[in-house]
């Protein structure tokens, strides 16, 4: 059970799970004393825990926390900027719409340095390569209101993909892993494909193939009468996916092979490892299928060592609860990152 007695509170909400942790501070150095991981189906238990943290006499108390979210409309696009065209007030909005199908009027957009992760101030500095990041304003507002409804006052809100990428780049530098790593976020209706190295984010792509795209394929494979029956079977965790797993992942695999193939042709460098920070519980077979089809190894996370490098300590109880590859993405929201060539903090 999480308590409100600790100074720092961290919360993550994604399509498949809820994370929470209390710590001695909001920034390293800190010690994590309590840890919560619940599947999204246990929302009532999550609400009960948050309510217990904010309980008190009189008016309901809010729990202040740093919040990491995964909005469905989020986007992370690697592109360029032409400094000669910046004087045109419509240049960036037109570029976002034509190249990435992002409407700047409906989305909150931030420009980040692809190597540092720091926000770019175009008036005082300039970099040709840039990351366009953000999400639909309406969805962000809905998520913020939801946090307040459940008793969390968001001290900060960030897109979890960004902190995860920052943490992964920092991890590769700390471990001195010089080869690029493929990172795949697999959600219900889509997947995000990233390639990162010690130098930063090298490739970013969003594709419309996720868990739900497997449902009609499973229905066809097994000759089921309707999609609902296929969905129940897919999430039942009773099927042996050794034989049909790769067929269900065929469309996603095509996108992954095309992305890694393009990267390797452009750079002459092979991608030899894969990391999957977002996969729902019971779908571990997806990673195994991806590794086999791509001919790569999984990136095994030394969470305890990396946390110590980040000056983040875990209590004995928390240390016994966490799993490196499963929980790494959440703990990246507790860290601080900087480039080896720069003193700028990245987020």
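Table for the structure above
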{"item": "Residue 289 within 25 Å of residue 170 (Cα to Cα) and touching a helix residue (DSSP H, G or I) at 6+ places or on another chain (Cβ under 8 Å)", "result": "no"}
{"item": "Residue in region 131-141 that is crowded, with 18+ Cβ neighbours inside 10 Å and more than 17 Å from the chain's Cα centre (by Cα) present", "result": "no"}
{"item": "Residue count for region 276-297, restricted to those that are within 20 Å of the chain's Cα centre (by Cα) and assigned to a helix (DSSP H, G or I)", "result": "7"}
{"item": "Selected residue (criterion: modelled with the lowest pLDDT) from residues of region 298-347 that are surrounded by 17 or more Cβ atoms within 10 Å (Cβ to Cβ) and part of a strand (DSSP E or B)", "result": "346"}
{"item": "Output for region 168-185, where each listed residue is surrounded by fewer than 23 Cβ atoms within 10 Å (Cβ to Cβ) and over 25 Å from residue 253 (Cα atoms)", "result": "173, 174, 175, 176"}
{"item": "Selection status of residue 227, more than 17 Å from the chain's Cα centre (by Cα) and over 14 Å from residue 271 (Cα atoms)", "result": "yes"}
{"item": "Close pairs (6 angstrom Cβ cut-off, 6 or more residues apart or separate chains): assigned by TED's automatic domain parsing to the domain that holds residue 191 in region 244-270, at pLDDT 95 or above and assigned to a helix (DSSP H, G or I) anywhere", "result": "270/264"}
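Conditions tested, residue by residue: (1) closer than 30 Å to residue 169 by Cα; (2) in contact with a strand residue (DSSP E or B) (Cβ under 6 Å, 6 or more places away or on another chain).
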site	(1), (2)
205	yes, yes
208	yes, no
221	no, no
225	no, no
230	no, no
234	no, no
243	no, no
250	yes, no
253	yes, no
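The values are calculated or read from the model by the stated rules, or taken from the named source; none is laboratory data. Just so we're clear, the structure is a prediction, and the values are computed from it rather than from any experiment. All Cβ positions, glycine included, derive from the backbone under ideal geometry; neighbour counts span all protein chains shown.
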